[in-house]
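A short worksheet on the structure shown next.
The values are calculated or read from the model by the stated rules, or taken from the named source; none is laboratory data. Please read all numbers here as calculations on a predicted model, not as lab measurements. Glycine gets a Cβ as well: all are built from the backbone with ideal geometry, and neighbour counts include every protein chain shown.
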Amino acid sequence: MLVGYARVSTPSQNLDLQIKALKEAGCDKIFTDIASGAKTARPGLKDAEMVLREGDALVVWKLDRLGRSIQHLIESINDLKEKGIGFRSLQEAIDTQTSGGKLVFHIFSALAEFERDLIRERTNAGLEAARARGKKGGRPKSLDQPKNIKLLKQMHADPSYSIGDICKTLDISRSTFYRYLKSDNNENDGQ
């Protein structure tokens, strides 16, 4: 059985072209969504997946109707493949139930993996270069000034201040308060 899936991003867009193409392709059932590709909640696609059985195929008018990125598209098609369900895209003439379609899909997978590796390499190179220039990564500490840490210790030693008062005064959370208190005690233990 061929199950069609059509999607537009906004209500002002029309599904007619996609639905007509899916009917002409021989789809027995067609499910639709009016939602951005970036949104994960697509009830029409969920309904289509519920109807699909091993040996069936999910058919879309264009690749971008199913996935919001190449990575998402590959994951979706792999999920279908694991269930024994094929995938067809009419505009790109891809059919994962044929040898040529499988080849094209494997090329997409390899390109997506290559893209991920390139991004990882660039990110690591950028972080290394920043470290070489003396830059530190991550979020700045809440109490980076030694005077603030000293104030925290003084206020903690004074019984008139509650922990809540100290946290409010220094604009820190309780967990940050205890972390600074603990790290300060550990440093003093070693001396």
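Odds and ends about this structure:
Per-residue answers, yes or no, for (1) at negative phi; (2) touching a Leu at 6+ places or on another chain (Cβ under 8 Å); (3) of a type outside the set (Gly, Ala, Ser):
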{"position": "SER12", "(1), (2), (3)": "yes, no, no"}
{"position": "ASP16", "(1), (2), (3)": "yes, no, yes"}
{"position": "GLY26", "(1), (2), (3)": "no, yes, no"}
{"position": "ALA35", "(1), (2), (3)": "yes, no, no"}
{"position": "GLY44", "(1), (2), (3)": "yes, no, no"}
{"position": "ASP47", "(1), (2), (3)": "yes, no, yes"}
{"position": "ARG53", "(1), (2), (3)": "yes, no, yes"}
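- Identity of the residue in segment 8-20, closer than 18 Å to GLY67 by Cβ and not in a loop (DSSP other than H, G, I, E, B), that ends up modelled with the highest pLDDT: GLN18
- Applying a threshold of 7 Å to beta carbon distances and a minimum spacing of six or more residues, or different chains, the list of pairs starting in segment 166-191 at a residue that is surrounded by fewer than 16 Cβ atoms within 10 Å (Cβ to Cβ) and ending at one that is modelled with pLDDT of 70 or more and charged (D, E, K, R) reads ASP184/LYS153.
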